[in-house]
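Here is the structure we will look at.
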Amino acid sequence: FFIVFSFFFFNDTATTEIYTLSLHDALPISILEALGTRPLVGLETFDEQLGIFDNLSPQLQDVMLQDTLMRLDSAVEDTRILVRAWRRGDEKKLEELARDGLDDLPGREEFYDVVLTDRNQKWLTVFQSLLDDPEHAGETIFAGVGALHLVGDDGLVHLLRQSGYTAQPIDHSA
């Protein structure tokens, strides 16, 4: 049984009403074509994703909005750096990017915990149920998650290994 991880970037300006779309509507066509008739299961709904941010304190929402606005000019280059690190399989750089700014902003650690750590713990149980289900023995599962969910001590790869599963990197350059 295998889980293959990948990640996606969605252009938020082009998907202003993405919360009204289904998972099938949001995925790139090439991935849907590759899936064929295989089942597609979401790790969380769009409402759950929006709820993550909605449930943050107003003060933390304000801090995060200010941080986002301050970083707008570097967003394209930051994304390029992230993609290059992912393609190289540079887990150290990805972890550095995930934790960037945690010491600079009040409440940023809470944000990291809510957006990455807590969701990874929740998703781990989903993956474990799939991996342990005899009905899916020998199957490959494709999981599309943000690259930053994969690295570090609270990343999905480490959590799966810690739970007794074998997790190996794949060649990202292909």
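Any read-out appearing in this document is the output of simple, stated calculations on the displayed coordinates, not a laboratory observation. Worth saying up front: this structure is predicted, and the values here are computed from it rather than measured. Don't worry about glycine lacking a Cβ; one is built from the backbone with ideal geometry, like all the others, and counts go over all protein chains shown.
Worth pointing out:
- Near residue 118, once Lys and Arg are set to +1 and Asp and Glu to -1 for all other residues with Cβ below 13 Å from its Cβ, the sum equals -4.
- Compactness relative to 2.2 N^0.38 Å, alpha carbon Rg of segment 87-133: 1.47
- Note on segment 59-174: percent of Cα-Cα distances in each 10 Å bin, starting at 0 and stopping at the bin with the largest distance, equals 12, 38, 33, 14, 3.
- Burial ranking of peptide ranges 47-56, 143-152, 66-75, 92-101 (average Cβ count within 10 Å, highest at the top): 143-152, 92-101, 47-56, 66-75
- For segment 123-148 versus segment 55-81, the inter-centroid distance based on Cα atoms is 31 Å.
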